[in-house]
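The values are calculated or read from the model by the stated rules, or taken from the named source; none is laboratory data. What you see is a predicted model; the values in this text were computed from it and never measured. Cβ placement follows ideal geometry from the backbone for every residue including glycine, while neighbour counts extend to all protein chains displayed. For the accessible areas, the whole protein counts, side chains as well, though only heavy atoms, and no ligand, DNA or RNA atoms are used. Shrake-Rupley method; radii C 1.70, N 1.55, O 1.52, S 1.80 Å.
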Amino acid sequence: MSGKRLGGGFGRLIDRGAPLDFRFGGTALRGLRGDVIASALAANGVWALSRSFKYRRPRGLFSLAGHEANTIVDIAGEPNVYADLRELEAGMRVRPQNSRGLPQRAHPLALLNYCGRFLPPGFYYAAFFRPRGAWRVWEPLIRRLAGLGTVDEESRHRAHDKVYDWCDVAVVGGGIAGMNAAIAAAAGGAETLLIEESPLLGGALNYARETPEAGDAEAMRARLKAKVRAAKNIRLLMPATVTGLFADNWLAAVAAGRMHKIRARAVVVASGTVEQPAVFRNNDLPGVFAAAAAQKLMRLYAVSPGKRGAILTANDGGYGLALDCAEAGVGVAAVLDLRAKPPPSPLADAAREAGISVRANCGVRGAVGGSHLRALRLFSPDGDGGGRRTLDCDFLGVSAGNAGNGALLHYGGAKFRYDEKLAAHIPCELPPNVYAAGSVCGANDFAAAAEQGARVGELAAKNKKQILTLAASSSSPSSSSVSSSATVKNWNHPHPVFAHPRGKDFVDFDEDLQTSDITASWDDGYRDIQLLKRYSTLGMGPSQGRHSQINAMRLLARYVGNGNSDDGNGSDADAIGVTTSRPPYRAESIAHLAGRAFEPEKRTPMHYRHLENGAEMTVAGLWLRPAFYGGERVAAAAEEARRCRSEAGMIDLSTLGKIEVFGADAAEFVNRMYTWNYLKQAVGKARYLLMTSEDGIITDDGVACRLAADRFYLTATTGNAEGVFRAMLRHNAEWGLRVHIVNLTSARAGVNLAGPRAKEILEKLCEGTDLSAEGFPYLAVREAKIAGMPALLLRVGFVGEWGCEIHVPASCGESLWDALAREGARPFGVEAQRLMRLEKGHIIVGQDTDGLTTPVEAAMEWAVGKNKPYFVGQRAVEIRRKQGAAQRLAGFELAEKNAPCPEECDLVVNGNAITGRVTSAARSPSLGKVVGLAYVLPEQCEPGTGFMIRAGSGKLIEAVCAKTPFYDPENARQK
Amino acid sequence: MKIIHTREHGARNIAEFVYGGVVLREPAADAGDAEWADYLFIRENKAAPCWELWLHSPSGMWYAVLRDAGSDEFLRVVLAREFFAGGVLTDDDAGLSSSSSSSQESTPSQS
Amino acid sequence: MPFSLLRLGLRGEGAFPLPPPLPLPLPLPGGGRKRRKVVVVGGGGHGLAAAYYLARDHGITDVAVLEKGYIGGGNTGRNTTIIRANYLTPEGVLFYKESLRLFEDLDRELGVNLMYSRRGHLTLAHTDAALRTARWRAGVNQFLGVDSRLVYPKEIARLCPQLNLSPGARYPILGALYHPPGAIARHDAVAWGYAKAARALGVEIYSDTAVTGVVVEGGEAKGVRTAGGVLEAEKVLQATAGLSSQTAAMAGLRLPITTVPLQACVSEPLKPFLDAIVVSGSLHTYVSQSARGELVMGGSADPAPLYSTRPTLEFKESLAANLLELFPFIGGVKVLRQWAGMADMTPDFSPVMGVTPVRNYFIDSGWGTWGFKATPAAGKYMAQCVASGEQPELLRPFALSRFGEFNLVGERGAASVGH
């Protein structure tokens, strides 16, 4: 059974021929395709969807529009799903919140219901913290009670691609105002995107009526829909929820499992309203619905809201519902009109004609029922008459008023004011290129919404500013030609809050807040709505105050105004205000936000050769580099280094930054960017590069090759390449030197070939190039052909052997690698390189320096030009040199040969003081001892001076400063 | 997401740009240490229009941008090269701070 | 049910009632006293704490705290409430160690449950460089008596089994700095607790009272201007994180500060599944789960200066992608609310506290993204500084004068080592 449904004419969304089986709280049920979870449950007579946050009260749907946490359920793999928004799927396993089985059944913690007096707002601030450590005991318990959905730790992320879209005019909301706005905007020539959250265009026209004839709304809907469909330049995005409006009209919308990011020249917000609860005792009982929810149940899902209902109204809406019930054959016990003298209304007349009992000046003091509404206790809001009466009914439709659904306008920076007469928050100032139309502006009747929508759509298409001047029905409409305010009629009850001395009169369903919680918070001194929110948690639940803020504000305004508070000054609602509305409009899943979670990864041209050789890859910025080739890290690195030192090794340098600078001022430019002297650098020679920031901190190093008088080829470290390039462009924008700066990093591949056999290998591959000691000495640079490929050869010695960096076009990288491998060069990875450079005492920027290291501290003064007119950071380096360094980088060895090797970043200590740290340390296989670099006190940096290293274990290791290089101090091998 | 309009590239998302610090005049080479400290570390940091440098990353072009740090409005966007070469500043813009800047590209990642 | 709740119910008391607010505007010329011993500009956690300790530790109760909005409404109420002492520099570690010590007893001292929850704090290392920094921090922490240590995936799996420890991850977790005392707390309650305790000692707190100027004569602070007129003061303390430069400018001071937005967001409430506080520097992400069940999440500060708390979509997008890297099962969790605060960034990622070139004008600023965890220590030692007129030893490294002396704090080292 898919439950009892109403007959034909009802159930616009459901497919009666497509039953879907699902489970709720362990019970097998059946719904129909097109149902939302909540409507399918309602069709099965299941109205209680959850147990509440604090008191564990049974709760059901109210708005049928996802505006209260009552309807939040878990489905497999996804916590916190709104049962009144999520479409039912076959086989769904739905779990209610805070309830093991069906929430309508008795719940052990429902006892909390009777503890309200012991749980005033913020009760947890007063308890659970004495004696010391008490909170550690209580917290786990409270955490388990709090919270809603359960995260499924077995679920896995699926890619949710994002959609980028743009349009002239985006219209948010496909109701009367939105459709009219879209039609007008399109007619004005704008490419228009109409976005609607539900699966149906037409908004209220789908379920509400304004005239006794239900068909009138349907006819209007059909007309508008046809126009929208006919307009060539209207695109529809639905069902889609716009969750945010960000700077320069950047909209986020979620549709069909994807986030759409939409840039719109103009945005028309026609997002309608949120129907508001009336506050009375037990107003949270399942069976108490917003009138529109009851209408939607019938019209969209063919579900009867109950057998015999009552309707509480302050406007025509309640009478519309009464007529719908009559049409559907659902009993109506009475329409209770909160107004003392309801104005004349064709709908009310029609309801009376249909034999429905109407009681004016009648309100609800309280609802009666266990897990569902059974009866209402009535009273007369206007004083006398009525007495205490009880009305039996199994549902109540509430039409006490609504609140503009203006979240997007708030995000955009619109200003609102509370109009006491309309009892509504109305936008009064809009941000640039943002427009508002329809009931979000207070235009509650169809004609007004239509007219305003059309006018605003036209303005948006023409880029004309919308000026909002509110014109209530009693005042004269604005005459301004671009004004787009509607003539609106009173819809909202000014104060649908009927506090009950015994409480359980809920203002905020999400947070289980009763009227006394709000006023008590005020009395507790939290006399700013923002403070009150934080103390009471008003509006902090999943619905973010959409059903609670306005009533809380009204409640407080009257409470303070009546002198109940010792402020006694009185206050109007606008002075109380509401808290700031923050995105997203509806909670966005992390999967949708993340999208495909695209993380770019850069691979060198030799990447697959590394993998074939069993390399363990390591992350270096966006690049992947081989750390070592197979086996265990330390042993592998030692073996790779040994081969390099005894035969020939090669390492992939393609990730290094490679920047070419050319032009008449190239030398001057390089000389300003780096600390050393480059003006007189000979053509065909390489020179060390050291870069400092303006405040004198080492930021990078590399090698400068002078290829011609006006041409330099520079290298930068892997991680800093982009930053160095940007800094160069930036400085030259200011200097205006005649140079071009080209980033060749990804265009060039590089290999460092080093070792006793390196020269021999190179000679084989570079026929005709003079590689002799005289022809190609240390620090020489040559352009040559290697295995037929155009290459730049740099004679450098980072690892301390005869070595040559070979730079070739990226497309040749793999061939170069293969050619070298064929001649016997053995790959080594970053780990082996780190070891070998340490043996030579060379620093690695970022490892042996940190965010505050100056050339003085790094013992790099030798690389700072003495008589230069200028380089970036020069004055700061000078000032810091004058000050004297607090620490200095020094080579060290261990006093005891067999002491454990310190780890990088172990501290250097001196008694009770931290005086430095180890930056690099390794047991050198070639030297048979531990060598390292460390920051020590400047007075301790002379070779032979002892100092203490604190190992991770806390043990002290005695070290002795030593001269670098440790390996081949005469540099004989690299010459 | 904000849009930055440049003469060279038209309207582009701000995601294509990298902030590069406020524009400051470097002190003279013979300026005292205190003046250099001021240039390097002290910032006016007003909620008001201020000239800044922004890099359009895909094109490698640096822009001088007059932006209001109170409203986040981009009031003027010109090529940094032209800005520094002169002829871009109007009298109104002359209120450039005499103190200074380095880019603050790295920001801490945790609270 | 604890006895305290019984008492609430039986006596009908509020849980944590604040004293009634003081009448506005300030009783100034014409009515009331025109002069206070100390005026504190800014009624956030720091300003309120300083006022409290002035009264408690130094017997100075003639104090007025002036707050332009509501108490705790600035960064005190916008941060992600992480409390830790695992800094890199000895200066930083000693300061935050003291703050943590004060925090641990604060609930009983102030008589309010701050929901101070020791969760353990994991700073994940995805690169060798990050691992080295973690070792460095662990070393400094241990040497100074702060409980921190380097842990590797096997132990991380025990401390936070939800983390994706697969070596094949795009940013594999190689290790972490584990700081067992790392905690979270209810930020608002810290401000309210200090406010109430300060009031009880005689301190006045004025909300909705903006300071529009500082009276400085002959290089000495003499009072502040408000809409109600000048309030004279022997000493003035500014504690206006986010607006430090603007407040200081009123006293003629220029600061080494850039104000940038720092964003954060929370998820919908969830049943507890995450105990640890998890931070990933490489992924610019941090997350913890509050007592209410919300995941509290943050990332890096926005790069460009801005006096605005507007949130961006991009922040959430990158945060979400990073969270999925760490917790691959988290895709179905939903972000409920996002917001921003204004963070005062300094060049060395350390605060600026203490005396200033203006006599009797004191400053508590430069709190960047690390202000909340400093609340008790900043309050206590700024109070000492104001009372004595001298820079307390613990605050000496954080003096404003350090910039002129090129003597920066090395906290930036942690952020810049190894890219």
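Taking each residue in C:117-129, count the Cβ atoms of any other chain within 10 Å of its Cβ, then average. What number comes out?
3
For the pair C:Arg170 and A:Arg23, a Förster radius of 41 Å applied to the C-beta separation gives a FRET efficiency near 0.65, rounded to the nearest 0.05. Net charge in the neighbourhood of A:Val830 (other residues with Cβ under 11 Å of its Cβ; Lys, Arg +1, Asp, Glu -1) is -1. For A:Ala354, the amide hydrogen comes within under 5 Å of no other amide hydrogen, counting only partners 5 or more places away or on other chains and with H modelled in the peptide plane. Heavy-atom accessible area, probed at 1.4 angstrom with all protein chains present, ranks C:Met115, A:Met238 as A:Met238, C:Met115, highest first. Counting only DSSP beta bridges with both residues in the stretch A:1-154, the antiparallel share comes to about 90 percent. For the pair C:Phe3 and A:Arg308, a Förster radius of 56 Å applied to the C-beta separation gives a FRET efficiency near 0.70, rounded to the nearest 0.05. When chain C is treated as a Gaussian network with alpha carbon springs shorter than 10 Å, the biggest mean-square fluctuation among C:Tyr152, C:Tyr53, C:Tyr178 belongs to C:Tyr152. Entry comment: accessible area of the stretch A:752-865 is 31 Å² per residue, from protein heavy atoms only and a probe of 1.4 Å. Rounded to whole numbers, the Karplus 3J(HN,Hα) couplings from phi for the stretch C:119-134 are 10, x, 10, 10, 9, 6, 10, 9, 9, 4, 5, 5, 5, 5, 5, 4 Hz, using 6.51 cos²θ - 1.76 cosθ + 1.60 with θ = phi - 60°, and x at Gly and Pro.
Comparing the full protein assembly with the isolated chain, the residues of the stretch A:73-99 losing at least 30 square angstrom of accessible surface (1.4 Å probe) are A:Pro79, A:Asn80.
Of the residues A:Asp848, A:Asp168, the one with the largest accessible area comes first in the ranking A:Asp168, A:Asp848, computed with a 1.4 Å probe on protein heavy atoms.
Report the B-C buried area as the accessible area lost on both sides summed, probe 1.4 Å, in Å² to the nearest 100.
The summed interface area works out to 2900 Å².
Rounded to 0.05, the FRET efficiency of the C:Arg101 and B:Ala29 pair, given R0 = 30 Å and the Cβ-Cβ distance, is 0.05. For the chain pair C and A, the interface hides roughly 9300 square angstrom of accessible area in total, found with a 1.4 Å probe. Residue-wise HN-Hα couplings along the stretch C:86-96, as the Karplus relation 6.51 cos²θ - 1.76 cosθ + 1.60 with θ = phi - 60° gives them from phi, are 8, 7, 9, 8, x, 4, x, 4, 5, 5, 6 Hz; Gly and Pro carry x.
Estimated at the nearest 10 Å², the accessible area of B:Ile14 is 40 Å² with a 1.4 Å probe. The helix-based estimate of mean residue ellipticity at 222 nm for the protein assembly as shown, built from -39,500 (n - 2.57) per DSSP H run of four or more residues and divided by its residue count, is -7000 deg cm²/dmol to the nearest 500.
Per residue, the accessible area of chain C comes to 29 Å², computed with a 1.4 Å probe over protein heavy atoms only. Computed in the context of the full set of protein chains, the accessible area of the stretch A:506-576 at 1.4 Å probe radius has 35% of its extent on carbon or sulfur.
The mean sequence separation of alpha-carbon pairs under 8 Å and at least six residues apart, normalised by the residue count of chain A, gives a relative contact order of 9 percent. The modelled label-to-label distance for the pair A:Ala226/A:Arg603, using points 7 Å beyond Cα in the direction of Cβ, is 5.9 nm.
Of the solvent-accessible surface of the stretch A:1-145, computed with a 1.4 Å probe over protein heavy atoms with every protein chain present, carbon and sulfur atoms account for 54 percent. In chain A, the DSSP beta bridges split such that about 75 percent are antiparallel, to the nearest 5.
Solvent-accessible surface of the stretch B:3-95, averaged per residue with a 1.4 angstrom probe and all protein chains in place: 45 square angstrom. Exceeding 21 Å between C-alpha atoms, which entries from my cross-link table qualify? They are A:Lys4/A:Lys296; A:Lys533/B:Lys46; B:Lys46/C:Lys68; A:Lys764/A:Lys785. Those over the limit are A:Lys533/B:Lys46. Taking label positions 7 Å along the Cα-Cβ direction at both A:Leu145 and A:Glu763, the computed distance is 8.6 nm, reported to one decimal.
Around the amide H of C:Gln289, modelled in the peptide plane, lie the amide H atoms of C:Val296, all under 5 Å away and 5 or more residues distant in sequence or on another chain.
Remark: the stretch B:3-95 carries a charge dipole of roughly 400 debye about the Cα centre, counting +1 on each Lys and Arg Cβ and -1 on each Asp and Glu Cβ. The simple spin-label model puts a point 7 Å past each Cα toward its Cβ; for A:Arg117 and A:Lys462 those points are separated by 6.6 nm. With 0.36 nm allotted per residue and the present C-alpha distance subtracted, the A:Arg136-A:Ser746 stretch has 214.2 nm of extension available. Against the criterion of solvent-accessible heavy-atom surface with a 1.4 angstrom probe, C:Arg84, A:Arg93, A:Arg534, A:Arg603 sort, most first, into A:Arg93, A:Arg603, A:Arg534, C:Arg84.
Check each of the GluC sites (Glu not before Pro) in the stretch A:597-680 and keep only those in coil by DSSP with at most 14 other C-beta atoms within 10 angstrom; list them in order.
Qualifying residues, ordered by number: A:Glu601, A:Glu632.
What a 1.4 Å probe finds exposed on the stretch A:656-724 is 55% carbon and sulfur by accessible area, rounded to a whole percent. Couplings 3J(HN,Hα) for the stretch A:153-169, derived from phi with the Karplus relation 6.51 cos²θ - 1.76 cosθ + 1.60 (θ = phi - 60°), are 6, 9, 5, 10, 6, 10, 5, 10, 4, 9, 10, 9, 9, 8, 6, 6, 10 Hz, where x marks Gly and Pro.
Chain B and chain A together bury an accessible surface of about 2000 square angstrom, both sides counted, with a 1.4 Å probe and no ligands or nucleic acids included.
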